[in-house]
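**Student:** Quick one: this structure, given as structure tokens, is what I'll be asking you about.
The values are calculated or read from the model by the stated rules, or taken from the named source; none is laboratory data. Given the structure is predicted, the values throughout are model-derived calculations rather than measurements. Cβ: placed from backbone, ideal geometry, glycine included. Neighbour counts: every protein chain shown.
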Amino acid sequence: MIQLQKISKHYPVGFGKNDILKDIDLTINEGEFVSIMGPSGSGKSTLLHIMGLLEEPSEGQYLFEGERVDKMNEKKRTQLHRGSIGFVFQAYHLIDELTVYENIETPLLYKNIPSSERKSRVADVLDRFNMVAKKDLFPSQLSGGQQQLVGIARAIIGEPRVILADEPTGNLHSDQAKIIMQLFKHLNEQDKITIIQVTHSDVNATYGNRVIQIRDGHIQP
Amino acid sequence: MLFYNYIKLAWRNLSKRKLYSVINIGGLAAGLCVCMLIMLYVAHELSYDRFHKDAPRIFSLLERIKMQNDTIQFDRFNYANGPAIQQQNAAVKSYMRIGSLLGETAIMQNVSHPAIKDAEPEAYFVDANYFSFFSFPLLEGDPAEVLRQPFMMVISSSMATKYFGKEDAVGKQIRYNGKYTFQVSGVMADAPSNSSIQADFLMSGASIPGIESLRQFTTDPHGFGGPFKLYIKLDDAANRENVTKNINLQIAQDKDPGLISLVPLAKIHLGANFQAGFNLRYLKLFPMVAILILLMALINYMSLSTARATIRAREIGIRKALGADHKRIAQQFYVESALYALLAFCLAVVLCITLRPWFFNLLQLKVDNGFLYNPMVIFIYVALLLVTIIVAGSYPSFILSRYKPVAVLAGKMSPVSGGASVRKVLTVLQFGTAAVLIICSIVINRQLYFFRHTATGINKENVLMVPFASTLGTHYQAFRQQVASLNGVLQTGTAHHPLFNGMDMWFVSEEADRPAMTLYSLNVDRQLMEIAGLQWKIPPQDMSQLGMGGKIVLNEIAVEKYNLSPTPIGKHLQLGNKDMEVIGVLKNFHFVSLHSPIAPLGLTVEKDNSPVWGTNTAGCLFVKIAPGQNIPSLIEQIRKTYTNYDAQTPFKYSFLDDAFGKMYTAEDRLANIFGGFTALTVLIAGLGLLGLAAFSAEQRTREIGVRKILGASVIQITALLSKDFMRLVVVALVIASPLAWYLMQQWLQQFAYRIHMQPWMFVLTAIMAITAALLAIGLQTIRAATRNPVTTLRVE
């Protein structure tokens, strides 16, 4: 599903450059639950951003479902964001001015899904996440764990094939983290969604079926 | 659906960030409102006389005569000119003569209720085709018939109410100047405020031969020049040139030195009219100021929106990650901006309607209420709305939609990237404009102060002027004696005209070594010279010469211009066919406004002026009042005395110092308006800065917290945050000062007597601008600087 070939990423610093990722070769298959681990500054977040098309590699090739991403135009990338990729962020990144319901609905708006279908899909997800009672609240009225549930609900409403999660439980205490991780496992097993998470936690990594260690921009064998 | 979503979101953002919303929408509304008011005024000025159906084909005649170095313009013609012109030009379909009364005041009186009586300045004799020539609506009466017969009269509806109350005016009688009875044959609507012809009374032209004092004007068949305004209607406006050529051939045959031109009706108000003064000069300036103010408000709006965008950057990033392309983001911000702009516009319309009476009062202009719904005004307002929405929306949505999502989401976003340098330029522009306007205001006000307080050489305090008309007849001296004997009256004097309100003029012909000269003259008595406190340069050897005929007193300029130095006394001048001996020289004094240099002046002094003027002329009684009198009761006594001698012409009076002040009405208006503009501009610029400072403080919350923990004091933090803004204000001042200096130097050139710009004006401006900026910045920065670092660092 995701194929990275000799991916490098560096930023210019003064007259030289600062390497973040070097010659990454990585293949992730459909249905996998991958945990990317490594110390701070090892490049794992950058790797995730590249996979999520939020950042472009300096060198190398990235094939998403066999198609070269660097050849895609803006429109096609936007299509992928709308249809195939869902994001979950450490800081939740909900839109403060929108209610729970509206936050979840937003990706559907961008997909031009008709109103009645939007309603039923959002209702389904709210139901499934047990959040019907909270649908009219604003993010600031929710606890961190609840906000992250909304974040995940928003990530899956567009029925993506892959969810990219950047330290999804980083801001949560362990009980909440456990709920979130079980949810990911469930999505992976029941809904067959490919999940790639960046995490510090060995416990979290056990929910997945593959661990990739990164150090100094290299994947550790 | 998405659209609804945008609006909902825009509204939530609006109510969440109240301060910014108020600054943003309020500032834009204020700018728009001023723009609307000025545009209303400009549209009104431009719409003059265009409501006449045939306006493009109607022309007013204007004659220019060159006299030495001056060109004199007349718009008055002979009774016979109209018919003659029509006869000799096939293209002239009809003509219209409008006769005003050559200095005579029209006194109108309700015949059945003689107590209802007043002097009416807007009374004219017109030809019978008035209502087909122009498009003034006639409310009652047959347009073709109302002015056909002698002694028929059409009055305006407000005059109908004034003279006849609720009764029907048609068929009633009005007495004109106590002698002639007119039948009211029709009632017309009051002229719209954008009409150059503002008639209250129209008397049929056929009456003129029947009126003794006017009869002469109909019998003088030859030459041009007379008491009638003359309009002609052509079959096609394209024939204007031919007709002009023909008329000029005709007048050349009549040995008239003038040159005739045809002025289109719609251009009279702004072009050829010599009273246009104020309108013309500032009509060009005002739209520029209006656009400038709108631009500032829009700039404010845009720079605040982009600044706010740095706070919304995260939202944009998320939306992009969720599948929004930059078009969608642009749409969203566009809708948001447009919504705010629309709100601002609605607010501005409300403000405009509320402030309109006050604004036009300030301008001392009359504009009909209905003019607000004039198609031109509506067109301008719609255009204003569109421009606002387009401009206000485009820049923010353009900037915002280009944020890169990862930069934002991964926290690498440096918040200043959103057009910070553009914002700096905009801030400089705003404060620069504000500074220019402040300097202009100061200079205009100082010039006005100078006008009002320069020693003019005339004592203006406590002098009452009572003009009288020929109807006072031979009773002038008796009237004067009685006024002089009133308690509280110090002295009385006489002049042919009230001061600061016109003079007689003579052309003194050329002699051997004496160039020709235009000489202002005024017939006065000795008491008037004492009341006015005129100073002698060379007093007459024998004061009793004052009051003997054939003697004249000149001012210094006249002596100099006519080459009479060094011994002017005893020299002679020819005033028309009168020989005048110079018996004294007065020091120069300002008998006209300080706009113009002091001109040559000659005073002819009489003991008793009335025989000199004959019985048919008017004059003015000057009354010097002792200080501390009960003025209203004194005026009432003078009024009673006056009415005893003249029951005909209503009593009018004015104070000499008021008459003096009135000469500066145009500058007074300008000062008022500029004061308003300046206040608004400073307010808008201040609001903008307030908004930017708030954002800057918000962006730097964490930095401030860290600095405080490291030991920075509140003052240091405030200085840190203010420094950047103050630098911009200083740059603005440096740019604005020379520009304002140049502009005001140009403006001052038009006055013969003017102030010099002083350094303190610029220093004061700098202080004002910096104070405004400090106030705007200070509030926000001090709040940020005094916050407890523990709370600020817990952000995130």
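**Student:** Does segment A:142-150 include one or more residues that are within 14 Å of chain B (Cβ to nearest Cβ), in contact (Cβ under 8 Å) with a residue 24 or more places away in the chain, crowded, with 17+ Cβ neighbours inside 10 Å and of a type outside the set (S, T, N, Q)?
**Tutor:** yes
**Student:** Now for a different question. Being at pLDDT below 85, facing chain B (nearest Cβ under 8 Å) and either within 30 Å of A:Gln141 (Cβ to Cβ) or surrounded by fewer than 19 Cβ atoms within 10 Å (Cβ to Cβ) (or both) is the requirement here; does A:Asp96 meet it?
**Tutor:** Numbers: at pLDDT below 85: yes; facing chain B (nearest Cβ under 8 Å): yes; either within 30 Å of A:Gln141 (Cβ to Cβ) or surrounded by fewer than 19 Cβ atoms within 10 Å (Cβ to Cβ) (or both): yes.
Answer is yes for this residue.
Per-residue answers, yes or no, for (1) touching a strand residue (DSSP E or B) at 6+ places or on another chain (Cβ under 8 Å); (2) under 30 Å from B:Thr471 (Cα atoms):
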{"residue": "B:Val524", "(1), (2)": "yes, yes"}
{"residue": "B:Gly550", "(1), (2)": "yes, yes"}
{"residue": "B:Glu560", "(1), (2)": "no, no"}
{"residue": "B:Gln574", "(1), (2)": "yes, no"}
{"residue": "B:Ile598", "(1), (2)": "yes, no"}
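**Student:** Now for a separate question. Give me the pairs: first residue in segment B:167-183 and assigned to a strand (DSSP E or B), second residue loosely packed, with under 14 Cβ neighbours inside 10 Å and of a type in the set (S, T, N, Q), beta-carbon distance under 6 Å, and six or more apart or on different chains, which are they?
**Tutor:** Short answer, once both residue conditions are applied: B:Gln173/B:Thr181; B:Arg175/B:Thr181.
**Student:** Of the residues A:Glu117, A:Glu102, which single one is facing chain B (nearest Cβ under 9 Å) and either at pLDDT below 90 or more than 17 Å from the chain's Cα centre (by Cα) (or both)?
**Tutor:** One residue alone meets the criteria, A:Glu102.
**Student:** Restricting to segment B:12-47, and then to whatever is polar (S, T, N, Q) and within 14 Å of chain A (Cβ to nearest Cβ), can you tell me which residue is surrounded by the most Cβ atoms within 10 Å (Cβ to Cβ)? Spell out the reasoning first.
**Tutor:** Within segment B:12-47, the subset polar (S, T, N, Q) is B:13, B:15, B:21, B:24, B:47.
This time we only want the ones that are within 14 Å of chain A (Cβ to nearest Cβ), so: B:13, B:15, B:21.
Working: B:Asn13: 20, B:Ser15: 10, B:Ser21: 17.
Among those that are polar (S, T, N, Q) and within 14 Å of chain A (Cβ to nearest Cβ), it is B:Asn13.
**Student:** Please find, within segment B:307-338, the residue that is nearest to the other protein chains (Cβ to nearest Cβ) out of those that are more than 24 Å from A:Gly151 (Cβ to Cβ) and surrounded by fewer than 19 Cβ atoms within 10 Å (Cβ to Cβ).
**Tutor:** Here the answer is B:Lys327.
**Student:** Picking from A:Ser40, A:Ser8, which residue would you name as being of a type outside the set (D, E, K, R), over 18 Å from the mean Cα position of the chain (by Cα) and outside any strand (DSSP E or B)?
**Tutor:** A:Ser40
**Student:** What are the pairs with Cβ atoms under 7 angstrom where one residue, in segment A:77-90, is part of a helix (DSSP H, G or I) and the other, located anywhere, is aliphatic (A, V, I, L, M)? Sequence gap at least six, or different chains.
**Tutor:** A:Arg77/A:Leu53; A:Leu80/A:Leu53; A:His81/A:Leu53; A:His81/B:Ala321; A:His81/B:Leu322
**Student:** Regarding B:Arg446, is this residue among the charged types (D, E, K, R), crowded, with 17+ Cβ neighbours inside 10 Å, in contact (Cβ under 8 Å) with a residue 40 or more places away in the chain and over 30 Å from B:Tyr176 (Cα atoms)?
**Tutor:** Details: among the charged types (D, E, K, R): yes; crowded, with 17+ Cβ neighbours inside 10 Å: yes; in contact (Cβ under 8 Å) with a residue 40 or more places away in the chain: yes; over 30 Å from B:Tyr176 (Cα atoms): yes.
Considered against the rule, which asks whether it is among the charged types (D, E, K, R), crowded, with 17+ Cβ neighbours inside 10 Å, in contact (Cβ under 8 Å) with a residue 40 or more places away in the chain and over 30 Å from B:Tyr176 (Cα atoms), B:Arg446 comes out as yes.
**Student:** Give the residues of segment A:1-24 that are among the aliphatic types (A, V, I, L, M) and either in contact with a Pro (Cβ under 6 Å, 6 or more places away or on another chain) or surrounded by 15 or more Cβ atoms within 10 Å (Cβ to Cβ) (or both), sorted by residue number.
**Tutor:** Filtering segment A:1-24 for residues among the aliphatic types (A, V, I, L, M) gives A:1-2, A:4, A:7, A:13, A:20-21, A:24.
Scanning segment A:1-24 gives A:Met1, A:Ile2, A:Leu4, A:Ile7, A:Ile20, A:Leu21, A:Ile24.
**Student:** While we're on this one: Among the residues of segment A:91-131, count how many are among the hydrophobic types (A, V, I, L, M, F, W, C), touching a Lys or Arg at 6+ places or on another chain (Cβ under 7 Å) and without any contact (Cβ under 8 Å) to a residue 40 or more places away in the chain. So that I can check it myself, show each step before the final result.
**Tutor:** Initial filter on segment A:91-131 (among the hydrophobic types (A, V, I, L, M, F, W, C)): A:91, A:94-95, A:98, A:100, A:104, A:108-109, A:113, A:122-123, A:125-126, A:129, A:131.
Right, trim to touching a Lys or Arg at 6+ places or on another chain (Cβ under 7 Å) and you get A:100, A:104, A:108, A:126.
Okay, now just the ones that are also without any contact (Cβ under 8 Å) to a residue 40 or more places away in the chain, so A:126.
Adding up the residues that qualify gives 1.
**Student:** Being buried (at least 17 other Cβ atoms within 10 Å of the Cβ) and within 14 Å of another protein chain (Cβ to nearest Cβ) is the filter here; which residues of segment A:122-137 pass it?
**Tutor:** A:Val122
**Student:** Look at segment B:487-531 and say how many of its residues are in a strand (DSSP E or B) and surrounded by 14 or more Cβ atoms within 10 Å (Cβ to Cβ).
**Tutor:** Adding up the residues that qualify gives 21.
**Student:** Something else about it: Across segment A:49-76, what is the total count of residues that are facing chain B (nearest Cβ under 8 Å), crowded, with 19+ Cβ neighbours inside 10 Å and assigned to a helix (DSSP H, G or I)?
**Tutor:** 1
**Student:** Could you pull out the residue among B:Ile755, B:Ile767, B:Ile735, B:Ile715 that is touching a Phe, Trp or Tyr at 6+ places or on another chain (Cβ under 6 Å) and surrounded by fewer than 21 Cβ atoms within 10 Å (Cβ to Cβ)? Break it down stepwise before answering.
**Tutor:** Values: B:Ile767 fails: touching a Phe, Trp or Tyr at 6+ places or on another chain (Cβ under 6 Å); B:Ile735 fails: touching a Phe, Trp or Tyr at 6+ places or on another chain (Cβ under 6 Å); B:Ile715 fails: touching a Phe, Trp or Tyr at 6+ places or on another chain (Cβ under 6 Å).
Checking each option against the conditions leaves just B:Ile755.
**Student:** Look through A:Pro160, A:Pro221 and report the one residue that is more than 24 Å from A:Asn130 (Cβ to Cβ) and either of a type outside the set (Ser, Thr, Tyr) or surrounded by fewer than 19 Cβ atoms within 10 Å (Cβ to Cβ) (or both). Show your work before the answer.
**Tutor:** Working: A:Pro160 fails: more than 24 Å from A:Asn130 (Cβ to Cβ).
Every option except A:Pro221 fails the conditions.
**Student:** Pairs only if they're at least six apart or on different chains, beta carbon under 7 angstrom, first in segment B:485-501 and at positive phi and touching a residue at least 60 places away in the same chain (Cβ under 8 Å), second surrounded by fewer than 19 Cβ atoms within 10 Å (Cβ to Cβ) and part of a loop (DSSP other than H, G, I, E, B); list them, first residue then second.
**Tutor:** B:Gly488/B:Ala626; B:Gly488/B:Gln629; B:Phe500/B:Met663
**Student:** Which number in (1) touching a helix residue (DSSP H, G or I) at 6+ places or on another chain (Cβ under 8 Å); (2) at negative phi; (3) more than 9 Å from chain B (Cβ to nearest Cβ) marks the one condition that A:Phe87 misses?
**Tutor:** (3)
**Student:** Looking at segment A:174-221 only, could you name the residues that are among the acidic types (Asp, Glu) and touching a Phe, Trp or Tyr at 6+ places or on another chain (Cβ under 9 Å)? Walk me through it before giving the result.
**Tutor:** The first filter runs over segment A:174-221 and keeps only residues among the acidic types (Asp, Glu), leaving A:175, A:189, A:191, A:202, A:216.
Within segment A:174-221, A:Glu189 is the sole residue that qualifies.
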